[in-house]
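The values are calculated or read from the model by the stated rules, or taken from the named source; none is laboratory data. These numbers come from a predicted model, not from an experiment. Methodologically, a virtual Cβ is constructed for each residue, glycine included, from the backbone with ideal geometry; neighbour enumeration extends over all protein chains shown. In case anyone asks, the SASA skips ligands and DNA or RNA and just uses the protein heavy atoms, side chains included. Shrake-Rupley method; radii C 1.70, N 1.55, O 1.52, S 1.80 Å.
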Amino acid sequence: NSKIQENIAIDEQRSVPIDKAMAQGATALFGEKYGDNVRVITFDKDFSIELCGGTHVNSTGEIGLFKIISEGSVAAGIRRVEGITAEAAVDYVQNQLHVFGELKKLIKNPKDPVKGLQALLKENAELKKELQSFSAQKINDIKNTLGDKVEQLNGIEFISEHVELNSAEAVKQLSFDYIRQKNNTVLLIGAELNQKPHLSLIISEEIVKQYDMNASKIIRELAKEIKGGGGGQNYYATAGGNDASGLKNALDKAKEIIQSSMSA
């Protein structure tokens, strides 16, 4: 941009012997083929001397403004730089300034937006920690009540329960936390996550081995009730769907499927 502002006039030489052009310091592009005589374009002999057959501005000032908008690798040892000029560059800068202005309003610290953003990021991190703490406490509270929901099915503990949790990760943590100290339990958890039905089935490994149960196979059957699909491992599987009204049917149907698996 400093060279653009110098408004350097073009120096065009035609039919220059290529050896003479190269001796002047002209840049030749790798892979290009040149004849015996070439066209030499110069904008300040100490800045840009090129072999070129294309069009050029009469002086650098006509470019107005040059703005790089991207840079990246396109092949081994080759990088691409993309830029815009003139009115397109001015429009780009004006748009970026508008966006920056809107961000300053949102951050509510127009004098030092960087400091304002840092404060927001810090506050967000603290709120996330607090939310994680609340979530952990809620998971623990639900886990402590699951023991009251146990049904005995031919010697195994079966639980099928709808819970209020806000993420699949929280449901998974609840499932594993509960069954960690159990060796004869089948636990099916149902929840609505972002208004979408979610099922989580975990089976003690001893039961998987004894009855050759497959949580993935069972969850796919239950997923039909919520108009969805799922899968996983023999001992743990999950499913999602589009019909939250089918959650109760899925939770009720599980008991029948587990009993059938034990008698197969």
Between residues in the stretch 1-17 that are in contact (Cβ under 8 Å) with a residue 40 or more places away in the chain and residues that are open to solvent by 60 Å² or more (accessible area, probe 1.4 Å), which pairs lie under 8 Å by C-beta distance while being six or more apart or on different chains? N1/F66; K3/F47; I4/F66; I8/F47; A9/N58; I10/H56; I10/N58; E12/H56
Test of understanding: among G54, G35, G64, which residue is of a type in the set (G, A, S) and under 39 Å from the mean Cα position of the chain (by Cα)? G64
Among (1) at pLDDT 90 or above; (2) basic (K, R); (3) open to solvent by 100 Å² or more (accessible area, probe 1.4 Å), the one test that R180 misses: (1)
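How many residues, within the stretch 1-26, are under 20 Å from G61 (Cα atoms), of a type in the set (A, V, I, L, M) and open to solvent by 60 Å² or more (accessible area, probe 1.4 Å)?
Result for the stretch 1-26: 1.
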What is the residue count in the stretch 183-203 for residues that are within 25 Å of G155 (Cα to Cα) and open to solvent by 20 Å² or more (accessible area, probe 1.4 Å)? 2
If L29 passes every condition in (1) open to solvent by less than 80 Å² (accessible area, probe 1.4 Å); (2) within 23 Å of P17 (Cβ to Cβ) but one, which one does it miss? (1)
Given A136, A86, which one is open to solvent by less than 80 Å² (accessible area, probe 1.4 Å) and under 30 Å from E164 (Cα atoms)? A136
Residue satisfying condition, being within 25 Å of the chain's Cα centre (by Cα) and farther than 30 Å from S200 by Cα, within set V114, V93: V114
Need a quick list: helices (runs of 4 or more DSSP H) entirely within the stretch 156-264 having at least 1 residues that are under 18 Å from S135 (Cα atoms) and under 26 Å from the mean Cα position of the chain (by Cα). 168-179
Within the stretch 77-118, count every residue that is charged (D, E, K, R) and outside any helix (DSSP H, G or I). 6
